[in-house]
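Only one structure is covered here, and it is reproduced in the block below.
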Amino acid sequence: MFAARSPAWVRRLAGVCLLLAMAVSAPAGAQLSIEITGAGLQRIPVAIVPFAGEAAIGGVTQIIRADLERSGQFRALEIPPLPTLPTENSTPNYPEWRARLADALLVGSVAARPDGRYEVRFKLHDVVQQRDLSGIAYTLSKEQIRATAHRIADYVYEKLTGERGVFSTRIAYVVKRGNRYELQIADADGAGEETALASFEPIISPAWSPDGRRVAYVSFESKRPVVYVHSLQDGKRSVVANFRGSNSAPAWSPDGKRIAVTLSREGGSQIFLVNPDGSNLRRLTTSTAIDTEPRFSPDGRWLYFTSDRGGSPQIYRMPANGGPAQRVTFEGSYNVSPRPSPDGKSLAYITRNEGKFQVALLDLANNQVQIVTDSDRDESPSFAPNGRMILFATVIGERGVLSAVSSDGRIRQRLTTSGGDVREPAWGPFIE
Amino acid sequence: MQQQLAQEQQRIRDQMIREQAERERLALAQAARDRALAEWSSRIRAKIRGNIPSQAVQAVKGNPEAIFVVTLLPTGEVLGNPRMVKSSGNKGYDDAVYRAILRSSPLPKPENPADFRRELELRFRPQD
């Protein structure tokens, strides 16, 4: 009844069954491809074990923790009670710290020396890659504890982010208390405030020399704006510009050899160059407008400045040795206070946005603008020397306060200073 | 003869119905597997992404791609080290995503162990 050979339909069905069998047992060894974009980790978790023996000098660990957390890029983990804490000489149990979700582990110790000084040692471990990131031993006096802690925080910051830390830098700002004005110099964390100048008349526009040893500023102590250069080591100062009319807005060239200033000695407000000792005055801008707030680009080739030559305050740029200026800001009708970033790739400034004065960042390569604050009366933006944070003054409840924002707008900080009305911040350079 | 033809036609119709049913079953099974893989991929993506630091992404110009291959144990642990197959051109970003992979070990496992794949190709870009 049936043919000796299977009918065509049986062979087809058999074929289909075979195909099915192959599809269902799809090779489990085939590669799965997954796309991952963006980022999700705001703060790198770091385990900072209290430094052994630190009670003798009043605490190193706390300063390091505060520095790293204040940067907004780290989260200091709670160290659980452990029978034995790791020291800088032992190899940590990496899987155990990984289980505690630490990215990195910092351990250290403090020991008193017979000569009255102290030795502080530390070791940083990369828990993720399970390797030792080395460490340093310092010999120091008790007065140098804070500075040493900041240097350790810088080390940790650099090893884990690849960027230079700014915990050992200093900031300058002006505080008004009652009818008194004070130019203060403090550590980047606000500690160690020292008064460089006190006056019953305003002090404005502090500007750090590139080597961090001097600060230029404008003082009204003789009832007129005069530009001074003040040495921080010995408090001695000299006059840079005391011409008739107004002398203001000092800005150092990156080589420290020239200072740009705004003078009204020839009518209007124009930008001049002068040596820090006040000699060799040369005029740079030649407009009939107000040209002011000069700032050198980090390579020293350009001078950015504010001008209303186009009818509204905008930012322009010209060759640092003189020449025609080009306009740089085109969005909005009020853009002032140019501050080139340390890498020269962007420009921070103040823009008026819907009636509010806010900090903006201009990408100099593609001309894109990003407004990074949402406050109201921001002024005097100043980049940290690693370019990551921007310090500025704003007003909260009628009082001037210092604030900082990261260059991507994501991290915001309020800086606490010792009270009063705080203005005119300037972030100092790396001290080599 | 007539009857044989009718029977033959019936068998062909039945076969076509069976084949259709098989195709549908196959498609459903494939869709289920695709969903399972997509769901597993999504959990892996979320975990690794959550371990990439924002500052690493910020420093990268443009949107270059870095590609890593990882080998997994059935527990989800990454076996050995992730292998870079293509650099983004930015060492900081390459390092950051490499560490993010290690931080994320053990990776999430698929709901159905049968969906487990031993090798993953991870393609990273700083921007969406």
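Points to keep in mind about this one:
- A count restricted to the range B:75-101 and to residues that are out of contact with any helix residue (DSSP H, G or I) (no Cβ under 9 Å at 6 or more places or on another chain), of a type in the set (A, V, I, L, M) and over 17 Å from residue A:33 (Cβ atoms) stands at 1.
- Selection of strands (runs of 3 or more DSSP E) fully inside the range A:332-432 by the criterion of at least 1 residues being among the acidic types (Asp, Glu) and out of contact with any helix residue (DSSP H, G or I) (no Cβ under 8 Å at 6 or more places or on another chain) returns A:356-363, A:379-383, A:421-427.
- Residues (hydrophobic (A, V, I, L, M, F, W, C), in a helix (DSSP H, G or I) and either within 7 Å of chain A (Cβ to nearest Cβ) or in contact with a His (Cβ under 6 Å, 6 or more places away or on another chain) (or both)) located in the range B:42-60: B:44, B:48, B:56, B:57
- Hey, residue A:186 touching a residue at least 60 places away in the same chain (Cβ under 8 Å), under 21 Å from residue A:320 (Cα atoms), in a strand (DSSP E or B) and in the same structural domain as residue A:389 (by TED's automatic domain parsing) or not: no
- Wholly within the range A:265-324, strands (runs of 3 or more DSSP E) carrying at least 2 residues that are surrounded by 20 or more Cβ atoms within 10 Å (Cβ to Cβ) and charged (D, E, K, R): A:291-296
- Selection within the range B:53-92: residues that are farther than 24 Å from residue B:113 by Cα and among the hydroxyl-bearing types (Ser, Thr, Tyr). The member of this set that is surrounded by the fewest Cβ atoms within 10 Å (Cβ to Cβ) is B:87.
- Selection count, the range B:32-41, where residues are at the interface with chain A (Cβ under 7 Å from one of its Cβ atoms) and touching a residue at least 40 places away in the same chain (Cβ under 8 Å): 1
- Of the residues B:99, B:83, the single one that is within 8 Å of another protein chain (Cβ to nearest Cβ) and among the basic types (Lys, Arg) is B:99.
- Restricting the range B:61-70 to residues that are touching a residue at least 40 places away in the same chain (Cβ under 8 Å) and of a type outside the set (Gly, Ala, Ser), the residue that is farthest from the other protein chains (Cβ to nearest Cβ): B:64
- Pairs with Cβ under 7 Å, 6+ apart, first in the range A:336-365 and under 16 Å from residue A:317 (Cβ atoms), second basic (Lys, Arg) and in a strand (DSSP E or B): A:338/A:295; A:339/A:295; A:340/A:295; A:347/A:339; A:348/A:339; A:349/A:339
- The condition (being at pLDDT below 90, of a type outside the set (A, V, I, L, M), farther than 22 Å from residue A:388 by Cβ and in a loop (DSSP other than H, G, I, E, B)) is satisfied by just one residue among B:128, B:34: B:128.
- Unmet criterion (only one of (1) at negative phi; (2) modelled with pLDDT under 95) for residue A:357: (2)
Yes/no per residue for (1) modelled with pLDDT of 85 or more; (2) assigned to a loop (DSSP other than H, G, I, E, B):
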residue	(1), (2)
A:26	no, yes
A:62	yes, no
A:72	yes, yes
A:85	no, yes
A:111	yes, no
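Condition check ((1) surrounded by fewer than 13 Cβ atoms within 10 Å (Cβ to Cβ); (2) modelled with pLDDT of 95 or more; (3) under 27 Å from the mean Cα position of the chain (by Cα)) across all residues:
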position: A:193; (1), (2), (3): no, no, yes
position: A:197; (1), (2), (3): no, yes, yes
position: A:206; (1), (2), (3): no, yes, yes
position: A:216; (1), (2), (3): no, yes, yes
position: A:229; (1), (2), (3): no, yes, yes
position: A:234; (1), (2), (3): yes, no, no
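- Among the residues listed as B:111, B:77, B:19, the single one being modelled with pLDDT of 90 or more and over 24 Å from residue A:45 (Cα atoms): B:19
The values are calculated or read from the model by the stated rules, or taken from the named source; none is laboratory data. Since the structure is predicted, the reported quantities are computational estimates derived from the model, not experimental observations. A quick note on method: Cβ atoms are made from the backbone with ideal geometry, for glycine too, and the neighbour counts reach across all protein chains shown.
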